[in-house]
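Read the structure below first, then the notes.
The values are calculated or read from the model by the stated rules, or taken from the named source; none is laboratory data. Predicted model, so just to flag it, every value in this text is computed and none were measured. Note: ideal-geometry Cβ built from the backbone for every residue, glycine included; neighbour counts use all protein chains shown.
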Amino acid sequence: MAKAKSIKSIFQDMRAVVENLIEEGYNYFLSGGALGVDQDFAETVLSCKKAYPNIVLEIAVPCQTQAARWSETERKRYNTILERADFVTILSKNYTRFCMQKRNEYMVKKSDAVLAFWNGEQKGGTWNTISYAQKANKVVKIHLLSV
(Lines give C-alpha, C1' and ligand atoms only; values in the text may rest on other atoms or scores of the structure.)
Protein backbone atom coordinates (compact mmCIF):
# COMPACT_ATOMS: atom_id res chain seq x y z
CA MET A 1 0.00 0.00 0.00
CA ALA A 2 1.34 3.44 -0.96
CA LYS A 3 2.12 5.78 1.89
CA ALA A 4 0.06 8.98 1.97
CA LYS A 5 1.97 12.16 1.22
CA SER A 6 2.62 14.60 4.01
CA ILE A 7 1.02 18.04 3.91
CA LYS A 8 4.51 19.55 3.48
CA SER A 9 5.13 17.29 0.48
CA ILE A 10 1.81 18.30 -1.09
CA PHE A 11 2.68 22.00 -0.67
CA GLN A 12 6.08 21.38 -2.26
CA ASP A 13 4.40 19.60 -5.17
CA MET A 14 1.89 22.43 -5.54
CA ARG A 15 4.64 25.04 -5.50
CA ALA A 16 6.58 23.13 -8.18
CA VAL A 17 3.44 22.99 -10.35
CA VAL A 18 2.83 26.74 -9.96
CA GLU A 19 6.47 27.56 -10.71
CA ASN A 20 6.34 25.38 -13.84
CA LEU A 21 3.23 27.24 -14.99
CA ILE A 22 4.97 30.58 -14.41
CA GLU A 23 7.96 29.37 -16.44
CA GLU A 24 5.50 28.39 -19.22
CA GLY A 25 4.29 32.00 -19.28
CA TYR A 26 1.19 31.88 -17.09
CA ASN A 27 1.02 34.88 -14.79
CA TYR A 28 -2.64 35.24 -13.74
CA PHE A 29 -4.03 32.77 -11.23
CA LEU A 30 -7.56 32.31 -9.90
CA SER A 31 -8.73 30.55 -6.75
CA GLY A 32 -12.21 30.05 -5.35
CA GLY A 33 -10.97 30.68 -1.81
CA ALA A 34 -12.82 27.70 -0.33
CA LEU A 35 -11.44 25.70 2.58
CA GLY A 36 -8.76 23.18 1.69
CA VAL A 37 -6.95 23.07 -1.63
CA ASP A 38 -8.39 26.40 -2.84
CA GLN A 39 -6.75 28.22 0.05
CA ASP A 40 -3.60 26.08 -0.15
CA PHE A 41 -3.29 27.05 -3.81
CA ALA A 42 -3.90 30.75 -3.11
CA GLU A 43 -1.21 30.76 -0.42
CA THR A 44 1.16 28.94 -2.76
CA VAL A 45 0.68 31.58 -5.45
CA LEU A 46 1.14 34.33 -2.87
CA SER A 47 4.39 32.72 -1.68
CA CYS A 48 5.63 32.60 -5.28
CA LYS A 49 5.12 36.37 -5.67
CA LYS A 50 8.41 36.95 -3.85
CA ALA A 51 10.37 35.28 -6.63
CA TYR A 52 7.90 36.20 -9.39
CA PRO A 53 6.52 39.68 -8.57
CA ASN A 54 4.69 39.94 -11.90
CA ILE A 55 2.17 37.18 -11.11
CA VAL A 56 -1.38 38.07 -10.13
CA LEU A 57 -3.82 36.31 -7.82
CA GLU A 58 -7.57 36.78 -8.07
CA ILE A 59 -9.95 35.22 -5.55
CA ALA A 60 -13.37 34.47 -7.03
CA VAL A 61 -15.77 34.50 -4.09
CA PRO A 62 -19.10 32.76 -4.76
CA CYS A 63 -21.02 34.88 -2.23
CA GLN A 64 -20.24 37.46 0.44
CA THR A 65 -21.21 35.00 3.17
CA GLN A 66 -18.86 32.21 2.02
CA ALA A 67 -16.99 32.14 5.34
CA ALA A 68 -19.97 32.82 7.65
CA ARG A 69 -20.08 29.31 9.15
CA TRP A 70 -16.34 28.73 9.30
CA SER A 71 -14.37 28.70 12.53
CA GLU A 72 -12.57 31.84 13.71
CA THR A 73 -9.23 30.34 12.61
CA GLU A 74 -10.57 29.48 9.15
CA ARG A 75 -12.06 32.96 8.69
CA LYS A 76 -8.79 34.58 9.76
CA ARG A 77 -6.81 32.58 7.19
CA TYR A 78 -9.40 33.36 4.50
CA ASN A 79 -9.42 37.09 5.27
CA THR A 80 -5.62 37.20 5.16
CA ILE A 81 -5.70 35.60 1.71
CA LEU A 82 -8.33 38.11 0.53
CA GLU A 83 -6.24 41.02 1.85
CA ARG A 84 -3.11 39.78 0.07
CA ALA A 85 -4.80 38.94 -3.26
CA ASP A 86 -4.46 41.36 -6.14
CA PHE A 87 -8.17 41.14 -6.95
CA VAL A 88 -11.25 39.84 -5.17
CA THR A 89 -14.37 39.28 -7.26
CA ILE A 90 -17.60 38.63 -5.36
CA LEU A 91 -20.08 36.93 -7.65
CA SER A 92 -23.21 37.04 -5.48
CA LYS A 93 -24.28 39.07 -2.49
CA ASN A 94 -26.16 36.14 -0.93
CA TYR A 95 -25.76 32.38 -0.95
CA THR A 96 -27.82 30.55 -3.55
CA ARG A 97 -27.95 26.89 -4.57
CA PHE A 98 -25.98 27.75 -7.68
CA CYS A 99 -23.45 30.34 -6.48
CA MET A 100 -20.58 27.82 -6.16
CA GLN A 101 -21.20 26.52 -9.69
CA LYS A 102 -21.42 30.09 -11.02
CA ARG A 103 -18.08 30.85 -9.34
CA ASN A 104 -16.50 27.78 -10.94
CA GLU A 105 -17.90 28.70 -14.36
CA TYR A 106 -16.59 32.26 -13.95
CA MET A 107 -13.10 30.93 -13.23
CA VAL A 108 -13.18 28.56 -16.22
CA LYS A 109 -14.45 31.24 -18.61
CA LYS A 110 -11.72 33.65 -17.50
CA SER A 111 -8.93 31.05 -17.80
CA ASP A 112 -6.68 29.95 -20.63
CA ALA A 113 -5.94 26.75 -18.71
CA VAL A 114 -7.57 25.08 -15.73
CA LEU A 115 -5.39 23.54 -13.05
CA ALA A 116 -7.14 21.02 -10.83
CA PHE A 117 -5.75 19.37 -7.73
CA TRP A 118 -8.19 16.49 -7.56
CA ASN A 119 -8.73 13.37 -5.47
CA GLY A 120 -10.12 11.39 -8.42
CA GLU A 121 -13.74 11.24 -7.24
CA GLN A 122 -16.18 11.78 -10.07
CA LYS A 123 -18.55 13.89 -8.01
CA GLY A 124 -18.48 17.29 -6.34
CA GLY A 125 -17.28 20.75 -7.30
CA THR A 126 -13.84 19.85 -8.61
CA TRP A 127 -15.19 17.12 -10.87
CA ASN A 128 -17.96 19.43 -12.13
CA THR A 129 -15.40 22.14 -12.88
CA ILE A 130 -13.10 19.72 -14.74
CA SER A 131 -16.07 18.51 -16.83
CA TYR A 132 -17.21 22.07 -17.54
CA ALA A 133 -13.68 23.11 -18.56
CA GLN A 134 -13.32 20.13 -20.88
CA LYS A 135 -16.67 20.91 -22.54
CA ALA A 136 -15.48 24.52 -22.96
CA ASN A 137 -12.35 23.19 -24.73
CA LYS A 138 -10.01 24.61 -22.11
CA VAL A 139 -6.59 23.14 -21.44
CA VAL A 140 -7.07 21.10 -18.26
CA LYS A 141 -4.05 20.16 -16.16
CA ILE A 142 -4.96 17.63 -13.48
CA HIS A 143 -2.77 16.76 -10.51
CA LEU A 144 -4.11 13.85 -8.53
CA LEU A 145 -3.99 14.16 -4.77
CA SER A 146 -3.40 10.99 -2.79
CA VAL A 147 -3.70 11.95 0.84
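Taking the range 24-49 as the range and being among the polar types (S, T, N, Q), closer than 18 Å to Asn119 by Cβ and assigned to a helix (DSSP H, G or I) as the test, the residues that pass are Gln39, Thr44. Selection over the range 80-102 of residues that are within 15 Å of Ala67 (Cα to Cα) and assigned to a helix (DSSP H, G or I) gives a count of 6.
Could you list all residues from the range 113-140 that are part of a loop (DSSP other than H, G, I, E, B) and at pLDDT below 95? Hits for the range 113-140 are Asn119, Gly120, Glu121, Gln122, Lys123. Residues of the range 127-137 include at least one that is under 13 Å from the mean Cα position of the chain (by Cα) and among the aliphatic types (A, V, I, L, M). Among the residues of this structure, Tyr52 does not count as one that is at pLDDT 95 or above, assigned to a helix (DSSP H, G or I) and surrounded by fewer than 19 Cβ atoms within 10 Å (Cβ to Cβ).
When Ala67 is tested against (1) modelled with pLDDT under 95; (2) in a loop (DSSP other than H, G, I, E, B), just one condition goes unmet, and that condition is (1).
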